[in-house]
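The values are calculated or read from the model by the stated rules, or taken from the named source; none is laboratory data. Small disclaimer: the values here were computed from a predicted structure and weren't measured. Here the Cβ positions follow ideal geometry from the backbone for every residue, glycine too, while neighbour counts run over all protein chains shown. What goes into the accessible areas is simple: the full protein's heavy atoms, side chains included, and nothing from ligands, DNA or RNA. Shrake-Rupley method; radii C 1.70, N 1.55, O 1.52, S 1.80 Å.
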Amino acid sequence: FIQDFSQAMSQAGSSQFQEVIRQELEYSMKVELDKILATAHSNELEHTKKDLEGFKKLFHRFLQEKGPSVDWGKIQRPPEDSIQPYEKIKARGLPDNIASVLNKLVVVKLNGGLGTSMGCKGPKSLIGVRNENTFLDLTVQQIEHLNKSYNTDVPLVLMNSFNTDDDTKKILQKYSHSRVKIYTFNQSRYPRINKETLLPIAKDVSYSGENTECWYPPGHGDIYASFYNSGLLDNLIAEGKEYIFVSNIDNLGATVDLYILNHLMNPPNGKRCEFVMEVTNKTRADVKGGTLTQYENKLRLVEIAQVPKAHVDEFKSVSKFKIFNTNNLWIALSAIKRLQEKNAIDMEIIVNPKTLDGGLNVIQLETAVGAAIKSFENSLGINVPRSRFLPVKTTSDLLLVMSNLYSLNAGSLTMSEKREFPTVPLVKLGSSFTKVQDYLRRFESIPDMLELDHLTVSGDVTFGKNVSLKGTVIIIANHGDRIDIPAGALLENKIVSGNLRILDH
């Protein structure tokens, strides 16, 4: 008994001790944030204040929560009816008054990311993906096509970050005559914190020059607070809008789906969903994607970062967790307003460690938009075809969407009917292709890939015009060697290695 008692005492002591440390950290953070706020000009005071308040809340929660935030024992498979097959939703058909349903919709694209992973400066949405069209061009074309076809007024809203706002706004002028109203609002701007001291590395509010690395946009979970704070949410509700369709701007498969919209507006059981997450079946390439589970009687998104280490392999297994989140979400505007006003949107914190150019280790606290699913009423997963998930994260993805695997119609990409099987080939381009400008220089024209299953390219390789790739093709130029695939070449189930220079005769 004495042993148990002393153990209990020391545990109580340590938790009290932890509480004291937590309070000290919060106090120090508050002091630093007040100093930063004091450097703001009057015109930026209001939004800087909101940003730092939001950050303070997140930091408070970060200090409260420790370790992966899911109890693995409580994770269950979602009940059958909580994830509906898309076919079932499509089978209901469309009502005659689809235009009146469309007029209740707002399309929101997450446009906070830079093209740095593909070697580009500026917003990722301005990278050319198809026939000179950028991600943003394709998005505007899709919505314009909808508005013209149904005589509707579906607006486009871009959630920018401080990194992408200026460049995006400059480019928006070119759409001033298109039949799409475009609005923007900005994500919050939060300070990065030193991993050792847990204090902000920024000394003032400026975020240009040497201060660029001091700040970050806190992940797309920030959409709820920023959208609400911008006043745009209230304006759209006042205009009679009821749902937003949110997706990543680099997911070229995320087009407005009329069947899903109809299911939301005219639910079969009369009870509307406040939140719909499009999920799709995992392939070997998606083992890290977040998955929908049943947790404490609610649908919950579980991301790999929240999984205890001992269960990561199980989480990645395609047999146990068959689906993953595409980040195509349909959310009721009135529900966002209600939950935001009650401060009741609960999203797990993602701690993202970074090393800055000077070698300083920092952490940034982020949240993910889909994690809020458990805060909404009557949430639903819809298992959609893979074609609704076509993200372009790398030049390997870019090669797929630029190729003849897809045809482009009114801003939407669809898999070519000439492809005999609906799966996309697996493409792995080596480091010589990482940057968009290098990638473009290495292809005189994009190869014919209709019958390709797998392509791996490594080293200094270039492709001439009108090359055809079929089956499995592996091309490896060893260090110091170079391989030029000649114009018009057909490579079918081939491994090419060594040195191959095509000399001009």
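Only one of the numbered conditions (1) touching a residue at least 24 places away in the same chain (Cβ under 8 Å); (2) touching a strand residue (DSSP E or B) at 6+ places or on another chain (Cβ under 8 Å); (3) not assigned by the TED database to the domain that holds PHE245 is not met by GLY488, and that is (2).
May I ask you to verify whether GLU420 is of a type outside the set (Phe, Trp, Tyr), more than 26 Å from LEU329 (Cα to Cα) and modelled with pLDDT under 95?
Numbers: of a type outside the set (Phe, Trp, Tyr): yes; more than 26 Å from LEU329 (Cα to Cα): yes; modelled with pLDDT under 95: yes.
Yes; evaluated as a whole, the condition is true for this residue.
None of SER100, SER82, SER42, SER149 is in contact (Cβ under 8 Å) with a residue 12 or more places away in the chain and hydroxyl-bearing (Ser, Thr, Tyr) except SER82. Annotation for the range 366-380: no member residue is part of a helix (DSSP H, G or I), open to solvent by less than 30 Å² (accessible area, probe 1.4 Å), hydrophobic (A, V, I, L, M, F, W, C) and not assigned by the TED database to the domain that holds PRO78.
What residue, among those in the range 266-275 that are open to solvent by 20 Å² or more (accessible area, probe 1.4 Å) and in contact with a helix residue (DSSP H, G or I) (Cβ under 7 Å, 6 or more places away or on another chain), is farthest from THR326 (Cα to Cα)?
Taking the range 266-275 as the starting set, the residues that turn out to be open to solvent by 20 Å² or more (accessible area, probe 1.4 Å) are 266-272, 274.
Subset that is in contact with a helix residue (DSSP H, G or I) (Cβ under 7 Å, 6 or more places away or on another chain): 272, 274.
Numbers: ARG272: 22, GLU274: 18 Å.
The residue in question is ARG272.
Among the residues of the range 455-480, the one identified as open to solvent by 50 Å² or more (accessible area, probe 1.4 Å) and within 12 Å of LEU426 (Cβ to Cβ) is THR472. Scanning the range 276-301 for residues that are open to solvent by less than 20 Å² (accessible area, probe 1.4 Å), more than 17 Å from the chain's Cα centre (by Cα) and either closer than 28 Å to THR116 by Cα or of a type in the set (Phe, Trp, Tyr) (or both) gives a single hit, TYR295.
Run down PHE275, PHE315, PHE324 and say which single residue is among the aromatic types (Phe, Trp, Tyr), farther than 20 Å from LEU380 by Cβ and outside the structural domain of LEU426 (by the TED database). If you could, list the steps in order and put the result at the bottom.
Values: PHE275 fails: farther than 20 Å from LEU380 by Cβ; PHE324 fails: farther than 20 Å from LEU380 by Cβ.
Checking each option against the conditions leaves just PHE315.
Selection of the range 1-33 for residues being more than 22 Å from GLN64 (Cα to Cα) and modelled with pLDDT of 90 or more yields an empty set. Counting only helices (runs of 4 or more DSSP H) that sit completely within the range 127-233, those holding 3 or more residues that are open to solvent by less than 20 Å² (accessible area, probe 1.4 Å), assigned by the TED database to the domain that holds ARG338 and within 30 Å of TYR406 (Cα to Cα) correspond to 135-150. Close contacts from the range 152-178, counting a first residue that is small (Gly, Ala, Ser) and a second that is at pLDDT below 95 and surrounded by fewer than 16 Cβ atoms within 10 Å (Cβ to Cβ), with Cβ to Cβ under 8 Å and a gap of 6+ residues or different chains, come to none at all.
Residue-by-condition table, conditions (1) farther than 27 Å from ARG386 by Cβ; (2) open to solvent by 40 Å² or more (accessible area, probe 1.4 Å); (3) more than 22 Å from the chain's Cα centre (by Cα):
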residue	(1), (2), (3)
VAL307	no, no, no
HIS311	no, yes, yes
ILE323	no, no, no
THR326	no, no, no
ASN343	yes, yes, yes
ILE349	yes, no, no
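Based on what the data block shows, is ILE483 without any contact (Cβ under 8 Å) to a residue 40 or more places away in the chain, over 18 Å from VAL392 (Cα atoms) and open to solvent by 30 Å² or more (accessible area, probe 1.4 Å)? No; evaluated as a whole, the condition is false for this residue.
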